[in-house]
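Here is the structure we will look at.
The values are calculated or read from the model by the stated rules, or taken from the named source; none is laboratory data. These numbers were taken from a predicted model, which means no experiment stands behind them. No Cβ is skipped: glycine too gets one built from the backbone with ideal geometry, and neighbour counts run over all protein chains shown. These accessible areas exclude ligands, DNA and RNA; they are computed on the full protein's heavy atoms, side chains included. Shrake-Rupley method; radii C 1.70, N 1.55, O 1.52, S 1.80 Å.
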Amino acid sequence: MPINPDAVGETGGPVSRSWTSKDALLYAVGIGGGTDELPFTTENTHGVAQRVFPTFAVIIGGGGTPMNKVGSFNPALMVHGEQGIELLDEIPPDGEVESRGRIAGIWDKGSAAVLEFESESVSKATGKPLLKTRSMLFCRGEGGWGGDRGPSERLQYPDDEPTHQVTYKTREDQALTYRLSGDRNPLHSDPAFAARGGFEKPILHGLCTYGFTGRALLHSLCGGDPSRFRSMNGRFSRPVIPGDTLTVSMWADGNQALFRTTNQDGDVVIDQGLCTFQ
């Protein structure tokens, strides 16, 4: 069946997800972590305790969302539209969460449908909420039923120069590492599948670009301390090709910062970014 707009409000879960130190390490190198980030990329460095990048929330969170209730769409024409995370406590190197989710919105963009999901994950070790996620999927060719187009508010960036700016180079095989954290969508690895979606070559996972961006925010705004990182929301505005260079620009004001990520040509790849921190 096609997209079902009546599914808004449907809930799902609970769904359990566990992870190990190795999972957190694999994610860290999948988003470009290296030898200058040993607390995140090793577990046995002398005098250094393992810690976890806050954006690992997109791997262990998001459970319980009732995808089976939204109807059908062509996965080759689906891209990640927006992603948000909220950290209620620091993510440990290993653990287990129980997640419940809901369909928060289904929007009609005319040429596409946008599916919005929310999820909350509770630590089984403490019984307390650990994190929340919010995601939006952009499904090309599935709109046009005359529904609500959804919110249209936009953040306004300052005219001033960024207070912080960080540049990272992605590897040409970056997606092959990142996919080992769970997203095996062939859009990111199979040239033939990517071509069916209208791409010249496999594109980088939007959540990998999100992870690179989160690394820059963590180090620039939180001094590399995950316990200070509170939330991060951003909109995917353009695909990234593995091998691209990413520059994250931040405008900090108190305990929050607007951010934007661009590629080597100056094209914006993550827009409408807002991060909060302590």
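Values computed for the structure shown
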{"quantity": "Extension gain from Ser237 to Asp148, taking 0.36 nm per residue of separation minus the Cα-Cα distance", "calculated": "29.9 nm"}
{"quantity": "Equivalent ellipsoid dimensions for region 1-156 as semi-axes, Å, which come from the Cα gyration tensor, largest first", "calculated": "34, 17, 13"}
{"quantity": "Calculated FRET value between Met67 and His46, using beta carbons and R₀ = 30 Å, to 0.05", "calculated": "0.10"}
{"quantity": "Highest-first arrangement of 228-238, 111-121, 168-178, where packing means the average Cβ count within 10 Å", "calculated": "111-121, 228-238, 168-178"}
{"quantity": "Accessible surface of His219 - all protein chains present, 1.4 Å probe, nearest 10 Å²", "calculated": "70 Å²"}
{"quantity": "Listed candidates (i) 49, 41, 33; (ii) 58, 45, 40; (iii) 54, 42, 34 - label of the one calculated as Cα extents along the principal axes in Å", "calculated": "(ii)"}
{"quantity": "Nearest-20 debye value, region 87-179 charge dipole, Cβ charges on Lys, Arg, Asp, Glu", "calculated": "300 debye"}
{"quantity": "Computed E for Thr126/Asp267 - FRET, C-beta separation, R0 45 angstrom, nearest 0.05", "calculated": "0.60"}
{"quantity": "Cα gyration tensor shape of region 95-195, rounded if a/c is under 1.5, else prolate or oblate by comparing a/b with b/c", "calculated": "rounded"}
{"quantity": "Scattering profile of region 222-267 at q = 0.28 Å⁻¹ [log10 I(q)/I(0), Debye over alpha-carbon scatterers]", "calculated": "-1.11"}
{"quantity": "Dimensions in Å of region 152-278 - Rg and Dmax from alpha carbons", "calculated": "15.1, 47"}
{"quantity": "Approximate spin-label separation Arg228-Ala195, in nm, with each point projected 7 Å along Cα-to-Cβ", "calculated": "4.9 nm"}
{"quantity": "Whole-Å distance, taken between Cα centres, linking region 122-186 and region 40-75", "calculated": "12 Å"}
{"quantity": "Computed lengthening from Thr167 to Thr35, 0.36 nm per intervening residue step minus Cα-Cα distance", "calculated": "45.9 nm"}
{"quantity": "Percent of Cα-Cα distances greater than 19 Å, calculated over region 29-97", "calculated": "52 percent"}
{"quantity": "Equivalent ellipsoid, region 64-118 (semi-axes from 5 times Cα gyration tensor eigenvalues, Å)", "calculated": "27, 13, 11"}
